[in-house]
1. Given the Cα-Cα distance of residue 68 and residue 53 and 0.36 nm per residue of separation, how much length would full extension add, in nm?
2. Between 0 and 90 degrees, rounded to the nearest ten: what's the tilt of helix 90-111 against the longest Cα principal axis of the chain?
3. Using only the alpha-carbon atoms, how far is helix 2-28 inclined from the longest principal axis of the chain? Give it as 0 to 90 degrees, nearest 10.
4. Got the relative contact order for the chain handy, in percent, Cα pairs under 8 Å and 6 or more residues apart?
5. Among [x] 14.6; [y] 14.9; [z] 14.2, find the value of Kirkwood radius over Cα pairs in Å that was calculated from the structure presented, and write down its label.
6. Only helical DSSP H runs with n ≥ 4 go in: add -39500 (n - 2.57) per run for the chain, normalise by residue count and round the 222 nm mean residue ellipticity to 500 deg cm²/dmol.
């Protein structure tokens, strides 16, 4: 019974965290990114969108397959962090990469009950 509780806590922690991350990205994109793109000033944002979409796809997949979704979330987090490392913005690499990576790890841990 206790193992099931840990599994469900990790799973719901990852789901709620992923939802908050997705809401943050959506709010940022709608509030700042979309007007810049429409005004022709959003070139940097357009380069960043594929990495964000990879993490979003991982989050959606993780609801159905936590192991594969968690792996995709971590891949997206590494790509986002790599994007900012390449641009030498190390704080942004942590801000954007770390939450997705931790959420992905929670999904993987919830899927692999023997790791708990």
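1. Taking 0.36 nm per residue and subtracting the Cα distance, the gain is 3.9 nm.
2. 30
3. Helix 2-28 and the main axis of the chain meet at about 10 degrees.
4. Relative contact order here is 33 percent.
5. Computed from these coordinates, Kirkwood radius over Cα pairs in Å corresponds to label [x].
6. -28500 deg cm²/dmol
Every number here is computed from the coordinates shown, using simple stated rules; none is lab data. Given the structure is predicted, the values throughout are model-derived calculations rather than measurements.
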